[in-house]
Amino acid sequence: MSDTDMIQPEDDPSEAALGASGLTRTFGGFVAVDRVDIAVREGELRSIIGPNGAGKTTLFNILTNALSPSAGEVYYDGTEITDVPQHERPHMGLVRSFQSNQLFEEQTTLENVRIVAQTIEQGSFSFDLFRRGQRVAEETAYEILDRVGLAPLAEEEATNLSHGDQRRLSIAMALATDPSVLLLDEPTSGMGPTETEETAAMIESIQSEFDLTLLLIEHDMSIVLSMSDRITVLNRGEVLATGTPDEIQENAQVQDAYLGGMRDEL
Amino acid sequence: LGGDESDLGDEIIIGCPTALSGAFAPYGEAERDGGQLAAEHLEEEFDISIEIVPGDTAADPNEAVDQIEGMVVDEGAHVAYGGVSSAVGLAVGNWGTENQVPVCVHGGSDDITGAQCSSYMFSTYMSNTMQVAPTAPAMADLEDNWYLLYSDYTWGDTAQEAYTEALEAEGANIVGKEAVPFPTQEYNPYLNSAEDSGADGIALLVAGLDQRASTSQILNREMQDDYSFMMHQTEDVGLWGIDSEAASILDVNSQGWSPALDVPEEWLEELAEFSDHDPFVRHFFGYASVDQLVRASIRADSVEGEAIRDELSGHEVENETIYDLQPTEETIYWREDDHQLIQPTYVTSGRAVSDQQNDPYNVWFDVDHTMEDEEASPEPSDACEL
Amino acid sequence: MTLLAIDGLEAGYETGQVLFDVDLEIAEGEIVSLLGRNGAGKTTTMRSIVGADMPHVSAGTITFREQNLLERRSHEIAELGLSYVPEARRCFPRLTVTENIHVAATAVNDPLPESDMFEVFPELDEIRDRQAKNLSGGQQQMVAIARALVANPDLMLLDEPCEGLAPMIVRQVESAIQRINDERDVTVLMVEQNVAAAMAIADRHYILEEGHLVDEVTTERLRADDELRQAYLGV
Amino acid sequence: MATATLERFTLGSRSTAARALLVLTIALLLVTLAVRPRLFVQNLIGGIAYGMVLALIALGLALILGLLGVVNFAHGGLFMLGAYGAYEVVALQALPFWAALVIVPVAVGLLGVAMEVSVLRRLYGENPIIGLLATFGIFVMIEEAARARWGGTPLTFGVPPVLRGSVPIGFGQIATLRLVTVLIASLIIVGTYLLMYRTDFGLTIRAGLQDREMAEFIGIDIPTRFTIVFFLGAAMAGLAGVLRGAEVGMDLTIGFEYVLLAFVIVIVGGVGSIFGSVVSGLLIGIGVFVGPTVVRALGTVTGIEALNVSGIGSVVPYIIMLVVLLVRPRGLFGEEGLLE
Amino acid sequence: MSYSSHIERVYGIVNAETVRSLRVPIGLVLVALLIRPFLGLTIGSAHIATTILIWMLFAASFNLLFGYVGLLSFGHAIFLGTGVYVTAIGISEFDLPFSLLTILGIAIASALAYVIGRITVHYGEIYFAMLTLAFAMGVHFIVDSNPYGLTGGSDGLRSGTTPDWITSFRGERIVDIGWFADLLSLIGLEPSYYWFVALVFVVTMILLWQVVRSPFGRTLVAIRDNEDLARAMGISANRYKVWAFTLSGAFSAVAGALLMISNYGAAVANFGPETSANVLLMTIFGGANFFFGPLIGALSWFGIREFLQSLDVLQLPIVGAVEVGAILSYWQFFFGLAFVLVILVSPRNGLWGFIRSDGRDVIAAVRRWGR
Ligand SMILES: Nc1ncnc2c1ncn2[C@@H]1O[C@H](COP(=O)(O)OP(=O)(O)OP(=O)(O)O)[C@@H](O)[C@H]1O
Ligand SMILES: Nc1ncnc2c1ncn2[C@@H]1O[C@H](COP(=O)(O)OP(=O)(O)OP(=O)(O)O)[C@@H](O)[C@H]1O
Ligand SMILES: [Mg+2]
Ligand SMILES: [Mg+2]
């Protein structure tokens, strides 16, 4: 049985909202991401799943140029962006969140978001010494906080937020970039069941509200299966399968490599 | 400053901004002590009261400016002396000139009396040129081929130029020279170059701790028997941690003053008692500066800067105290053109270790030649308008 | 026989007390889980046991084999036969997998053979020379467990061993824990968010709520009683 | 470990800049060899010996930095205390130099322990800059304490007759004392390497640096071990001070001067690599000796007067550092992720 | 809760306390006004007040880099030195006006900082520190070698460096500028050089404050807190760092220009590693996390030195008079000790952090007591 049977044909990556062709990354001989082709359609919610160490986070890192690829191209909105520096991508509408909470810890919740909003308004570098855009950015930031339910904590220092609120804040910061494609790395990790559900609901609502294309890494299969339009399974750096949740669930190889151990019920 | 003509009724206050910490501290302490001894002698002689206000410059010119300013503003100092390094000397000298406070500075750079001569700055030390004058002929007598190692800063650089010119005039060859970063602890590469040049004599125009580093490495390499060594502006080598053996290998040295001179025994002993350090050139300068400043003030019957300066400029020294310490047939005087104290300079050689005196104070050198008056100190290169 | 006994434990941070009068007892050979929502104080309990600088223990006793753990420093506690797999794994990032295991083996008196660890976790064999910082989360979790296991402990404390793991790996880790318990007679106290995982391997469960120990139940009861689960754990 | 090491060693050859630089350096050295053969060889030998001295001075710093993550500015102070301590023992207490060679490093090591226990213990795991600042403060204190005890006057002391004079080697002479220093340095370097990379002690220390609390959880007594390492690092500084003091004497400025130099060496060698510090010590030693000769030779060959710049010896280490870091941002053998 | 209600909540208080929002400028003016009398009262010597103000400015400029971006420069003497030498050379050699030269100094220092920044900001902290040190050593070497006879080598520049609008007599310096003298006579002050420095100090520090509180400055803090995140959120971290470095260099040059006049010239020590080390010590001691921290640091540094050096005999309650002159001549030992303590207690908050939090405690205690 050849691998290609399992891969649902993707669109042309160079035409996709976010695409990659032949993406490869090696670490001193070890291939972490291996000739990955992917083409995320506009408005799609695509999940990436796969065993630990499959290369999911590494793929995110390459798509946002936190790591440079060893080979392959990255496309965004019909143009090649492989070499566009990391800090310019958010300005094009391509943003990621981190697997672990990363915040500007010593600043308030509002300030965290405001800095991002203002950066997006004024560019990746702005010599703004006179608080020109500050009010506007603050207003934007506040709206976003309101939407993710953090408004009451606007003046709280980010370090003092609970784990779940911190995850929410990092999503709020990503939203503040006014993204069109958002990459979320395990947004519910470390959350209990209730919070996980809330977060899932929030992701769905912001997707429709902001017209987002979403790329999601997640281990919680209940979320993945219920939310995704399509799922890509990575294994040892390679794409093992791509398909709708139903297709993926039925796929024997995926069962072997990944879902094998899943418990359906308590 | 109208009216308030203070006469000498009360007290003359003398600032002494000098190095009291860091590697140069022993020099500063000697300047301070020499000055203090002079003050005691003067108080006895004239029944006046003299206060010396020392302050630590840490050999930093900016700090020195802060110090002298504090002395004048807060303590009311009328005149000042000190310096140690040329850079500090120039800083306090120029400060004195801008603020009309006469300052006797102690630094070897020709700039002190040459290009920058400022009207309130007086140089008690012999300039580089003055020290070269008697030394170069002695060097040429000793060896034909010389290699010059010089500290890479203004002082070393001007010394190097002066020696090159003087040695060539005396018919000796300069077979090579090399600038050594200042300060340097590692003289081996430069000694390698010197050996490689085929010279017979090696001139050490190096300052401060480099005098110790260079001589100790010469000894470690056992070069002392194969070469003659010359050192410029040798002060009290003991203070740099140069041991007696290293002193004994120095065949020709320029020195401004030496306890080996025919100086009153009791003065030396009194000084050795008074100061933590054995008598050496810096004591003499401290002593001479205070002596001259106070006498000028007494002659002017004023503690006002302008009056003292006028008294000092061009003054021929009459008092025996100075002649006792700088024995000479010629006149010692403050040359009007550049405020240089015209006095004898000396060429010395290190005594063999067995001949060195250590008690009651160190005498490790013999005075071989003396050069006096205008012969040693030709007209300043850049005429000053004082 | 009781291996670990916690009695009236009160502990907290500068920001306030977190644990209130916690009692807990584990017999030799058991697998016990500690359940509770985020922030209930599970990790705080674990860290109190292993003698971490934080939290401060203000009252109570922790006894392990008749030894009062509160009087001992962390490294002495480890030598008594108590291993800890912390939250977020904490592998030594710039040591290789082999070195991570070796360093733990050298720290105690009678370690297990290091090569055994690669039998317990065959996945580690092909990455044994890679630095831990370059491993994926699941790989790191295996290293962390192997590191604890190699010390040949009598009691192993695991803080959310399955967090961030793929279902497959979760299964592997679970079965590894079970095997360790079966074959090597290691007693286990584990913290879990995932109630299903906890029920799959643990015999008994303690439930923490806002720093108070509110219940102690067997797996059968927890499985059977939906309301109980809903009330305490929200599932 | 294998892949990481491999990557480290091959990185340099990958960059064209590095290769061009290497070729240029070799060409320059050949030119110099042709123009001033005797001087060149002499300086090369002298440079290697001096490089070993520098490596010895830097080693304690590299050890404490690489293993404990503390940027120990006080290293300069401890080095200076080593020199003054030797003076105290030999000149003031009239004990033999050999005694100083043992007593002083131990005493300085103990002082290091006091420093570690009272101050640095509280700063592990903090941003390295904070350790740097704290030890800077301690450095100032040591310097002033030395001034209070031994005064500002530069000092020297005598060494036993066997250590005086020089030994002929090849083209010239090398001072006996320096030869002894080189031998001792070699022994210490080998010993340190073995301790750190070939023993479990070293492994536990490295684990402790990476995650201190976790290391204690698995049963390692980290505080005691860190103190031992600090003792070793400080004692090495003391030993270097004794040997250097015997050779060129001591004064209050040597601390600052040598600690800057030692930093340059560690940075060029790469933080975390003992071996790197040794290589970089040699590189800088040779640079200081040969550099000026090369420039002069170049001046002779090309006839360009401007090349006769004097006194570049003092900036050679910094130039080397600049060039090395521009080509290899982590130094020659630096580990990724340390102190960044 | 809507944005406007939030705004009201946040800004409402501020509006009621306009003073609060202006406390930095007011504080700066107070510093400039009070340092001199303060020194006169406490240590009996006011003549170093000028020097202190200038070092405050330098330390604050340094802290723009260290405190706000987290970059530790070991070579900041370059920029101070540039300000010093450009003005000194310009006045003594070319007879140019001081104001023009200051601008030139700022321009050159900024250019240098920009170039050095472009090369170095990519490096990790310790590497950055060492690289800046390397550049400083290089510049020091060049200045020391007296290129084209411009810098005076190790002797520095000492004559003809005072602009002709300043006259000095026995340490008193008068600024001979019409409008300036008029301005000061309005508030009944002598037109001394101190007030000139004070004026420049206040104006420059307010500019610096504006930088710090501007979006630009806030972004710097964000980069300090989490650089990876800043990048991922579209902030060009390196460009911000380069420009922070440039600005810091520019402000340092202003301090340099003032220092040149106050020092009566230029010295190579202005470029030396000790200068860089001292500004670092002062800043940390005062408290890098606060705008006023470096100012407190500079004040304590000079204050402690003058105070301890002037002390000869200490009157102690029980022991009686103690000869302390000898011990206190080693004042740096005690400063070192205090410094280590500050680092141990709170490395980034320093003395000022101490004072602030303690001050708060006192106020809180008084309130509690009052109830
Ligand atoms: N270092 C600390 N300083 C102050 N408070 C802390 C600290 N660590 C934890 N806490 C607080 O103590 C409480 C209990 O935390 P703990 O980590 O024990 O919870 P947990 O049950 O392990 O939660 P989770 O499931 O999220 O890991 C929480 O409110 C937390 O905010
Ligand atoms: N900097 C690196 N150097 C070497 N190997 C690396 C590096 N970063 C990642 N790897 C390796 O690449 C592989 C993929 O790692 P990655 O973090 O992308 O996995 P993942 O799919 O996100 O896993 P998880 O679900 O556990 O987060 C792993 O085997 C990891 O060891
Ligand atoms: Mg991942
Ligand atoms: Mg927890």
**Fill in**
Expressed as a whole-number percentage, the relative contact order of the range D:12-147 with C-alpha contacts under 8 angstrom and at least six residues apart is 26
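Take the alpha carbon gyration tensor of the protein assembly as shown, find the square roots of its eigenvalues, order them as a ≥ b ≥ c, and report rounded if a/c is under 1.5; if not, report prolate when a/b exceeds b/c, else oblate. Walk me through the intermediate numbers first.
Values: a/c = 2.15, a/b = 1.81, b/c = 1.18.
Note, shape of the protein assembly as shown comes out prolate.
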**Asked** If a helix is a whole DSSP H run, which ones in chain E reach 18 Å or further along their own axis (Cα) and hold a mean Kyte-Doolittle hydropathy of at least 1.6?
**Response** E:23-42, E:49-69, E:98-120, E:193-213, E:331-345
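With the cut-off at 1.5 for a/c, could you classify the range D:10-157 from its C-alpha gyration tensor as rounded, prolate or oblate?
oblate
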**Asked** Residues of the protein assembly as shown: accessible area per residue at 1.4 Å, in Å²?
**Response** 36
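Over the range E:3-271, what percent of the accessible surface lies on carbon and sulfur atoms, probe 1.4 Å? Working shown, then result.
On the way: 6090 of 9270 Å².
The computed percentage sits at 66.
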**Prompt:** What FRET efficiency would be calculated for the residue pair A:Q253, A:A201, taking the C-beta separation as r and a Förster radius of 45 Å, to the nearest 0.05?
**Reply:** 0.90
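Can you give the mean number of other chain Cβ atoms that lie within 10 Å of the Cβ atoms in peptide E:148-156?
Working: counts 0, 0, 0, 0, 6, 10, 13, 18, 9.
Neighbouring Cβ atoms belonging to other protein chains average 6 per residue here.
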**Asked** Among E:N63, E:N270, E:N238, whose mean-square fluctuation peaks in a Gaussian network model of chain E (Cα, cutoff 10 Å)?
**Response** E:N238
**Item:** Within-13-Å neighbourhood charge of B:G108 [Cβ basis; K, R +1; D, E -1]
**Value:** -4
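Using a simple charge model, +1 on the beta-carbon of Lys and Arg, -1 on the beta-carbon of Asp and Glu, nothing else, what dipole does the range A:102-178 show about its Cα centre, in debye to the nearest 20? Mind dumping the intermediate values first?
Numbers: 7 positive and 14 negative charges, 39 e Å.
For this selection, approximately 180 debye.
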**Request:** Can you pull the one-decimal nm distance between simple spin-label points at B:E316 and E:I174, each 7 Å off the Cα toward Cβ?
**Result:** 4.1
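List every DSSP H helix in chain C whose Cα atoms extend 24 Å or more along the helix's own long axis and whose mean Kyte-Doolittle hydropathy is at least 0.5. Don't skip to the answer; put the middle values down first.
Working: long enough: C:167-184 (25 Å, -0.63).
Correct list, ordered by number: empty.
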**Request:** Enter the angle in degrees (range 0 to 90, nearest 10) between the Cα long axis of helix A:193-210 and the first principal axis of the Cα atoms of chain A, meaning the one along which they spread out most.
**Result:** 80
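When the helices in the protein assembly as shown are scored as -39500 (n - 2.57) per DSSP H run of 4 or longer and the sum is shared across all residues, what 222 nm value do you end up with, to the nearest 500 deg cm²/dmol?
-17000 deg cm²/dmol
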**Between E and A, accessible area buried - total, square angstrom, nearest 100, 1.4 angstrom probe** = 3300
**Asked** Of B:I14, E:I177, which has the most accessible area and how do the rest follow, probe 1.4 Å?
**Response** E:I177, B:I14
**Prompt:** Hey, what angle do you get for helix B:154-169 against the long axis of chain B, alpha-carbon based, 0 to 90 degrees rounded to 10?
**Reply:** 60
**Prompt:** Ignoring ligands, DNA and RNA, how much accessible area is buried between chains B and D, both sides summed, with a 1.4 Å probe, to the nearest 100 Å²?
**Reply:** 2700
**Request:** Could you order peptides A:59-69, E:183-193, B:151-161 by the average number of other Cβ atoms within 10 Å of their residues, highest first?
**Result:** B:151-161, A:59-69, E:183-193
**Message:** I'd like the orientation of helix A:109-122 relative to chain A: the angle between its Cα long axis and the longest Cα principal axis, in ° from 0 to 90, rounded to 10.
**Reply:** 80
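Given Cα pairs under 8 Å that are at least 6 residues apart, what percent is the relative contact order of chain B? Before the final figure, lay out each step's value.
Numbers: 856 pairs, mean separation 73.6, N = 386.
Over chain B, the number comes to 19 percent.
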**Fill in**
GNM of chain D, Cα pairs under 10 angstrom: of D:L187, D:L325, D:L179, the biggest fluctuation goes to D:L187
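Counting only protein heavy atoms and a 1.4 Å probe, tell me what percentage of the range D:168-270's accessible area is made up of carbon and sulfur.
With neighbouring chains kept in place, the figure for the range D:168-270 is 71 percent.
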**Prompt:** How big is the charge dipole of the range E:3-271 about its Cα centre, in debye rounded to the nearest 20, if each Lys and Arg gets +1 on its Cβ and each Asp and Glu gets -1 on its Cβ?
**Reply:** 680
**Prompt:** Can you give the accessible area of E:R23 in Å² (nearest 10), computed on protein heavy atoms with a 1.4 Å probe?
**Reply:** 130
**Asked** What dipole magnitude, in Debye to the nearest 20, does the range B:30-104 give about its Cα centre under +1 on Lys/Arg Cβ and -1 on Asp/Glu Cβ?
**Response** 320
**Prompt:** Of A:V40, E:Q210, E:I26, which is farthest on the positive side of the dipole of the protein assembly as shown, counting Cα position, with +1 on Lys and Arg Cβ, -1 on Asp and Glu Cβ, and the Cα centre as origin?
**Reply:** A:V40
**Request:** Among the lysines, select those whose C-alpha is under 18 Å from the C-alpha of A:K56, and discard any that sit fewer than 8 residues away in the same chain.
**Result:** C:K133
**Request:** Please identify, among B:T18, B:T164, B:T184, the residue showing maximal mean-square fluctuation in a Gaussian network model of chain B using a 10 angstrom Cα cutoff.
**Result:** B:T184
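The values are calculated or read from the model by the stated rules, or taken from the named source; none is laboratory data. From a predicted model like this one, the values you see are computed outputs, not experimental measurements. No Cβ is skipped: glycine too gets one built from the backbone with ideal geometry, and neighbour counts run over all protein chains shown. Accessible surface is based on the protein model in full, side chains and every heavy atom, while ligands, DNA and RNA are left aside. Shrake-Rupley method; radii C 1.70, N 1.55, O 1.52, S 1.80 Å.
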